[in-house]
Amino acid sequence: MYHLYSEHELLLALKHGDDRAFAEVYERYWEPLFKQALSMTHDEDMAKDIVQDSFVCLWEKISHTEITKSLRSYLFIAVRSRVLNQFAHGKVQAKYLESLASYLTEGENQTDLPLQEKVLQEQIDRQIASLPERMRTIFEMSRKEYMSYKEIADELYLSDKTVKKQISRALKILRVKLDFLLSLTIVLFFF
């Protein structure tokens, strides 16, 4: 039934919290939004995350969001903005890392460096240890033992796709947790 709805009818149903209307919007627009995000990022996992985040944001904010153009336009603009924000965030991080590296190579406080590196590594290890057991095992096999997805899949009797998904999720979790840690470390190094 919802596949017969016009975009305007779907938008009205969405504003009333109709989850089947949301499912129809997702079904209609996921693929073209993914293609747009992928063409901008050239990273399949990042593109999927961006599209997913855009739909989550739509669902959470639809009741108090005024969409003046078409829903399709709104979603494409949302995805484009999220891609640009990802790039901007990456550039800011790269800039901080460059200035941190410059400070560490040219700075005067070299005696604290081994201690600071050790503390940072302990924090990273702690975050990895906090991952769910299976995810942590797969992640460590990939990153510490340098095993390929296929090797991990064969050893754990899993599909390559499952291994890839688990590593992708682990990276996403660690990225969120370690972004804060990285920001805090930068502040502590410079002050």
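Each reported figure results from applying straightforward, stated rules to the coordinates on display, with no laboratory input. Here the structure is a predicted model, which means the values were calculated and not measured. Virtual Cβ from ideal backbone geometry, glycine too; neighbours counted across all protein chains shown.
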remark   = Taking r as the C-beta separation of residue 19 and residue 118 and R0 as 41 Å, the FRET efficiency to the nearest 0.05 is 0.25
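Please sort 151-157, 58-64 by packing, taking for each peptide the average over its residues of neighbouring beta carbons within 10 angstrom, highest first.
Packing proxy ranking, top to bottom: 151-157, 58-64.
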inquiry  = Starting from a Cα-only point model with no solvent, please compute log10 I(q)/I(0) by Debye for the stretch 2-85 at q = 0.13, 0.14, 0.23 1/Å.
reply    = -0.38, -0.44, -1.09
query = To the nearest 0.05, how large is the calculated FRET efficiency for residue 31 and residue 143 if R₀ is 41 Å and r is the Cβ-Cβ distance?
reply = 0.80
query = What's the extension gain from residue 43 to residue 60 if we count 0.36 nm per residue and subtract their Cα-Cα distance?
reply = 3.5 nm
